[in-house]
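What follows is one structure encoded as structure tokens, with my remarks underneath.
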Amino acid sequence: MGRRFFGTDGIRGEVGTAPMTVDFALRLASAAARVLAPQGGTVLIGKDTRVSGYMFESALEAGFVAAGVNVLLTGPLPTPGIAFLTKKFGADFGIVISASHNPFYDNGIKFFDAEGEKLSDAIEEAIEVGLDSPPVTRESRALGQAKTVFTARSEYMDFCKGTIPADLRLKDVKIVVDASHGAAYKVAPRVMSDLGADVVAVGCSPNGRNINEGCGSTRPDLLKLTVTGVRAHVGMALDGDGDRVVMVDERGHLIDGDQLLYILACDRLASKSLRGPVVGTVMTNLGLEIALRDLGVAFERAKVGDRHVMAMLKERGGILGGETSGHVLCLDRTTTGDGLVTALQVLAVMQRTGRSLSELASGMAQFPQVLLNVKVREPVDPTGDPTIRAAVHDVEAQLGTRGRVVLRASGTEPVIRVMVEGEDRHQVNTLASQLADSVRSRYGLSQ
């Protein structure tokens, strides 16, 4: 049947425009209750710091309580925190109200099952079927109850700290923590401080409308300037819901998700705890594949999206995977991508080895890679177009065996992503622009 509303990471859109409306949230809660807790049960609900989060939280709460489902509310908490606490508290499923790295005027709703993992396509499709029915209101004796879980933040923080050795401290580390004015604005700096680090916090003052604005993992320039300005050893930038992280070394250079994955793979390899292949995506830098190959570590590519990386890791028996954006999966530590846990793993490697972040990342040479987003008026898949296929073939012929082209429609935004990678930066820039122009011209899109 296919999915009408669920994308690669839940349901997402501009607030006030379908599907991100209050009436949709009510119907979604009722439909989800019928599929995930038909005999009643419990749902854990968290959110990021967007002003619209309170509205959607109230609508979901009403829909679930009316359908006979108990509701546990955590308030602002990172997405991976909800995944962890859903399982810890024995909830039937969990929900996060967030649009991740998107601006404040967007929002989204994503689900976790009882094990803290994302729902299957089949379950999401079953929920969508129920959206065609009006919300259910049970009789008073069958209604659910709602309450706030005041220990949620401290329990998640304890879990994060428990992912590194108990005797490992960060007392000699000066770290800049950028929480993107998002869900981790309290927990991220506090965890680092509890471990003894000297913390400089930026992007930790949300006002409901500044999430991801000029900061965070998608805009790390502030972090770069701050790390060098305060002479910190390292910096970390999360996205709005805290499931991604990028880092900055002592020189102010960005260390992206591919490089973080390389550092963790080297560490797990050295400790003989690495299992299965490392899994990236079609967008992962070719430099990671080559660096791991030189170490004798298998590397495989999944489709874009952490759910696809997760599926391949499980299928192949792997424990490490991720995306360039900083969405890293450490399945030997947690069940989902967790920016704070990932940063702690890297900091632990720094402390154990006595090596700086720049030294740890130096074994991987990144290939020049250009990613251009071509805006579209409505979702479209360009890969079936003969004209576009011919343009891609021409670019691939010019790159030869030491380059790649990826052309794909985004699963979360109305854009076509054009990625070109190769050894010569000037050539890569030129070819990426040419291919993007071909896509834009073919579909009559504007800049």
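State whether the residues of region 408-428 include one that is loosely packed, with under 12 Cβ neighbours inside 10 Å, at pLDDT below 85 and of a type outside the set (D, E, K, R).
No, every residue in region 408-428 fails to be loosely packed, with under 12 Cβ neighbours inside 10 Å, at pLDDT below 85 and of a type outside the set (D, E, K, R).
Of the conditions (1) in a helix (DSSP H, G or I); (2) closer than 30 Å to residue 6 by Cα, residue 406 satisfies every one except a single condition; which number is it?
Failing condition for residue 406: (1).
Looking at region 178-190, I want the residues that are within 14 Å of residue 47 (Cα to Cα) and open to solvent by 10 Å² or more (accessible area, probe 1.4 Å) and have a partner that is part of a loop (DSSP other than H, G, I, E, B) and among the polar types (S, T, N, Q) with Cβ atoms under 6 Å, at least 6 apart or on another chain. Which pairs are those?
181/210
State which residue is nearest to the chain's Cα centre (by Cα) when the search covers only region 97-127 and only residues that are at pLDDT 95 or above, open to solvent by less than 20 Å² (accessible area, probe 1.4 Å) and aliphatic (A, V, I, L, M).
Out of the qualifying residues, it is 99.
Just checking, does region 285-294 include any residue being among the polar types (S, T, N, Q), surrounded by fewer than 23 Cβ atoms within 10 Å (Cβ to Cβ) and on the phi < 0 side of the Ramachandran plot?
Checked region 285-294: no residue is among the polar types (S, T, N, Q), surrounded by fewer than 23 Cβ atoms within 10 Å (Cβ to Cβ) and on the phi < 0 side of the Ramachandran plot.
Residues to consider are 365, 390; find the one that is free of Cβ contacts under 8 Å to residues at least 40 places away in the same chain and either open to solvent by 50 Å² or more (accessible area, probe 1.4 Å) or assigned to a loop (DSSP other than H, G, I, E, B) (or both).
Of 365, 390, the one residue that is free of Cβ contacts under 8 Å to residues at least 40 places away in the same chain and either open to solvent by 50 Å² or more (accessible area, probe 1.4 Å) or assigned to a loop (DSSP other than H, G, I, E, B) (or both) is 390.
Restricting to region 138-167, name every residue that is in contact with a Leu (Cβ under 8 Å, 6 or more places away or on another chain) and surrounded by 14 or more Cβ atoms within 10 Å (Cβ to Cβ).
Hits for region 138-167 are 146, 149, 152, 153, 155, 156, 160, 161, 163, 164.
Does region 3-24 include one or more residues that are in contact with a Gly (Cβ under 6 Å, 6 or more places away or on another chain), open to solvent by less than 10 Å² (accessible area, probe 1.4 Å), over 21 Å from residue 83 (Cα atoms) and touching a residue at least 40 places away in the same chain (Cβ under 8 Å)?
Checked against the condition, which is being in contact with a Gly (Cβ under 6 Å, 6 or more places away or on another chain), open to solvent by less than 10 Å² (accessible area, probe 1.4 Å), over 21 Å from residue 83 (Cα atoms) and touching a residue at least 40 places away in the same chain (Cβ under 8 Å), region 3-24 yields at least one hit.
Sort out which residues of region 56-96 are without any contact (Cβ under 8 Å) to a residue 40 or more places away in the chain and surrounded by fewer than 24 Cβ atoms within 10 Å (Cβ to Cβ), and write them in order of number.
58, 59, 62 - these are the residues of region 56-96 that are without any contact (Cβ under 8 Å) to a residue 40 or more places away in the chain and surrounded by fewer than 24 Cβ atoms within 10 Å (Cβ to Cβ).
Might you check whether a residue that is surrounded by fewer than 22 Cβ atoms within 10 Å (Cβ to Cβ) and on the phi < 0 side of the Ramachandran plot occurs anywhere in region 43-50?
no
Conditions (1) part of a loop (DSSP other than H, G, I, E, B); (2) touching a residue at least 60 places away in the same chain (Cβ under 8 Å); (3) among the small types (Gly, Ala, Ser), marked per residue:
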| residue | (1), (2), (3) |
| --- | --- |
| 241 | yes, yes, no |
| 246 | no, yes, no |
| 251 | yes, yes, no |
| 262 | no, yes, no |
| 272 | yes, no, no |
| 284 | yes, no, no |
| 288 | no, yes, no |
| 291 | no, yes, yes |
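Per-residue answers, yes or no, for (1) among the small types (Gly, Ala, Ser); (2) in a loop (DSSP other than H, G, I, E, B):
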{"residue": "163", "(1), (2)": "no, yes"}
{"residue": "169", "(1), (2)": "no, yes"}
{"residue": "176", "(1), (2)": "no, no"}
{"residue": "182", "(1), (2)": "yes, yes"}
{"residue": "191", "(1), (2)": "no, no"}
{"residue": "208", "(1), (2)": "yes, yes"}
{"residue": "219", "(1), (2)": "no, yes"}
{"residue": "232", "(1), (2)": "yes, yes"}
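Hey, residue 101 hits all of (1) assigned to a helix (DSSP H, G or I); (2) in contact with a Gly (Cβ under 6 Å, 6 or more places away or on another chain) but one; which does it fall short on?
Of (1) assigned to a helix (DSSP H, G or I); (2) in contact with a Gly (Cβ under 6 Å, 6 or more places away or on another chain), only one is false for residue 101: (1).
List every residue pair whose Cβ atoms sit under 6 Å apart, with the two residues 6 or more apart in sequence or on different chains, where the first one lies in region 316-329 and is of a type in the set (Lys, Arg) and the second, anywhere, is outside any loop (DSSP other than H, G, I, E, B).
Close Cβ pairs (under 6 Å, with a partner that is outside any loop (DSSP other than H, G, I, E, B)) do not exist here.
Every residue, every condition in (1) touching a Leu at 6+ places or on another chain (Cβ under 7 Å); (2) under 24 Å from residue 279 (Cβ atoms), yes or no:
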site	(1), (2)
311	no, yes
314	no, yes
337	yes, yes
370	no, yes
400	no, no
423	no, no
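Going by what's in this entry, would residue 290 be described as out of contact with any Gly (no Cβ under 7 Å at 6 or more places or on another chain) and modelled with pLDDT under 95?
Here the answer is yes, as residue 290 does meet what is asked.
Output the residues belonging to region 128-137 that are open to solvent by less than 80 Å² (accessible area, probe 1.4 Å) and not in a helix (DSSP H, G or I).
131, 133, 135, 136
Taking region 136-168 on its own, how many of its residues are free of Cβ contacts under 8 Å to residues at least 60 places away in the same chain and among the polar types (S, T, N, Q)?
3
Suppose the filter is in contact with a Cys (Cβ under 9 Å, 6 or more places away or on another chain), more than 20 Å from residue 82 (Cα to Cα) and open to solvent by less than 10 Å² (accessible area, probe 1.4 Å); does residue 263 pass it?
Considered against the rule, which asks whether it is in contact with a Cys (Cβ under 9 Å, 6 or more places away or on another chain), more than 20 Å from residue 82 (Cα to Cα) and open to solvent by less than 10 Å² (accessible area, probe 1.4 Å), residue 263 comes out as no.
The values are calculated or read from the model by the stated rules, or taken from the named source; none is laboratory data. On a predicted model such as this, the values are computed, not experimentally measured, just so you know. Heads up, the Cβs are rebuilt from the backbone with ideal geometry, glycines too, and the neighbour counts pull from every protein chain shown. When the accessible area is computed, the model is the full protein with side chains, heavy atoms only, and any ligands, DNA or RNA have been set aside. Shrake-Rupley method; radii C 1.70, N 1.55, O 1.52, S 1.80 Å.
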